[in-house]
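Notes follow once the structure below has been shown.
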Amino acid sequence: MSTDVMIYADDLTKRFGSLRALDRIRFEVSRGEVVGFLGPNGAGKSTTMRILTCFISPSDGTAKVHGHDVFDEPLEVRRKIGYLPQRAPLYQDMLVWDYLRFVADMRGLDPTTFKSRMRKIVEVCGLAQVLGMDINTLSHGYRQRVGLGQALLHDPPILILDEPTSDLDPNEKAEVIRYIKEIGKERTILLSTHNLAEVETACARAIIISKGRIVADGPLDEIRARSGKIRYTLSVSEQTAERGKAPSVAEVQSALRALAGVRGVNELPTDEKAHAFELAGDQDGDLRSDLFRLVVSKGWTLLELRRDSQTLEDVFRDLTKGDERRDRRLGRDADDDGEAADKKDTPERSESPKEVAASGG
């Protein structure tokens, strides 16, 4: 294994009784990468992160962090990582400064190092105004900042962040993602989130997991291209056409579906003055000329015509739609992993603030 590989998983498997939460997953994260770790609820994201952070052990396979095996060398692993669980387990009755000093003591930092690190933490996480406040008085956003601060306090080379923007308002989410981009310039980061826009903002690569298996791994552009489709957005005026009456939704939709090369047509919500549609076409084709000629031939007024690659969200839905079908079935096969949905990402025990902070040193 290369010395540049910071996170390594090979045939990683986790079973809860007869239920398989992870099924022989394999991936690597190299030094300096910021990687989005994506999947539906119950897909195995948090289970993977809890294995990598030594809170639960794998049933089979190998996981290494900074070259250290999570089973054989858990204390060394914890020294090399900063971990922010989905909801940071903070001591609510402590002042922010006192809590971070407690974390520093757990990490074995001397007072001089603690003060030096705190200057950076306060700057990066924006904690200057709340250091003397009780944690239980803080907003969700500031609590997440404190949680991120504890993960960064010992200056780890690797960060593992599980849903760091959950329960935050849009402004707070934007701030946390900005912090992640800033600190990601110097560290390796594995970021789990349901917000695909955050991945597109902060990450150059994504790993998508579904039903305990990796279904995509690579640069975002390559993942978007996997569908083999191009998306078009077309909008025509709902007002009276040049020749005859105003077009109806059904009329426009029928004409678009009849056009060669169109693989699908969906109506988009819009105001009462326009009809808007999303169309799918082949990756190696370009339907804009044909669409334009169609609109002109009908005498309609073209308001918008745009060609885009499939979004990451589109590809994500295509790759993980089996999870949605599984969750909506009334009956389950005996060998189906569907019953694991509520158990897959449930740890064998809850993380406490002390456990998250502890290095074992």
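Computed from the coordinates by the stated procedures, all read-outs in this text should not be read as laboratory data. The structure presented is a predicted model; accordingly, all values stated were derived computationally and were not measured. Glycine gets a Cβ as well: all are built from the backbone with ideal geometry, and neighbour counts include every protein chain shown.
Near THR311, within a Cβ-to-Cβ distance under 10 Å, what is the net charge of the other residues, with Lys and Arg +1 and Asp and Glu -1?
-1
Which of SER254, SER59 comes first, and how do the rest follow, when ranked by fewest Cβ neighbours within 10 Å?
In increasing order of surrounding Cβ atoms, one gets SER254, SER59.
What is the order of GLU76, GLU123, fewest Cβ neighbours within 10 Å to most?
Final ranking by Cβ density, sparse to dense: GLU123, GLU76.
Say the cut-off is 24 Å between C-alpha atoms; which of LYS80/LYS211; LYS45/LYS229; LYS80/LYS173; LYS64/LYS185; LYS173/LYS321; LYS45/LYS115 go over it?
Check vs 24 Å cut-off fails for LYS80/LYS211; LYS45/LYS229; LYS80/LYS173; LYS173/LYS321; LYS45/LYS115.
For the chain, give me the percentage of DSSP beta bridges that are antiparallel, rounded to the nearest 5 percent.
70 percent
Percentage of Cα-Cα pair distances in the chain greater than 39 Å, rounded to whole percent?
Within the chain, distances greater than 39 Å cover 30 percent of Cα pairs.
Apply the a/c threshold of 1.5 to the C-alpha gyration tensor of segment 17-151 and tell me whether it is rounded, prolate or oblate.
Prolate, because a/c is 1.5 or more and a/b exceeds b/c.
Which order results if MET106, MET49, MET94 are arranged by neighbouring Cβ count within 10 Å, fewest first?
The order, fewest Cβ neighbours first, is MET94, MET106, MET49.
Take every Cα-Cα distance within segment 229-309, group them into 10 Å bins from 0 onward, and report for each bin the whole-number percent of pairs it holds.
19, 57, 22, 2
When we measure straight from the Cα of LYS273, which lysines land under 21 angstrom away, once same-chain ones fewer than 8 places off are left out?
In chain and number order, the partners are LYS245, LYS298.
Would you mind checking which residues have amide H under 5 Å from ALA206's amide H? H placed 1.01 Å from N; only 5 or more apart, or other chain.
Hits under the 5 Å cutoff: GLY36, GLY218, LEU220.
Just want to confirm a number: the relative contact order over segment 196-281, from Cα pairs under 8 angstrom separated by 6+ residues, in percent.
26 percent
Residue-wise, which Karplus ³J(HN,Hα) couplings in Hz belong to segment 18-34, taking 6.51 cos²θ - 1.76 cosθ + 1.60, θ = phi - 60°, and x for glycine or proline?
8, 9, 9, 7, 10, 10, 6, 7, 9, 6, 10, 10, 8, 4, x, 7, 10
Name the residues whose placed amide hydrogens come within less than 5 Å of the amide hydrogen of ILE189, ignoring near sequence neighbours (fewer than 5 apart) on the same chain.
Excluding prolines and chain starts, which carry no amide H, the hits are GLU33, VAL34, VAL35, LEU159.
Output ³J(HN,Hα) for segment 68-75: one whole-Hz value per residue in order, computed from phi by the Karplus curve 6.51 cos²θ - 1.76 cosθ + 1.60 with θ = phi - 60°, and x for Gly and Pro.
After applying 6.51 cos²θ - 1.76 cosθ + 1.60, I find 9, 6, 5, 8, 8, 10, x, 5 Hz.
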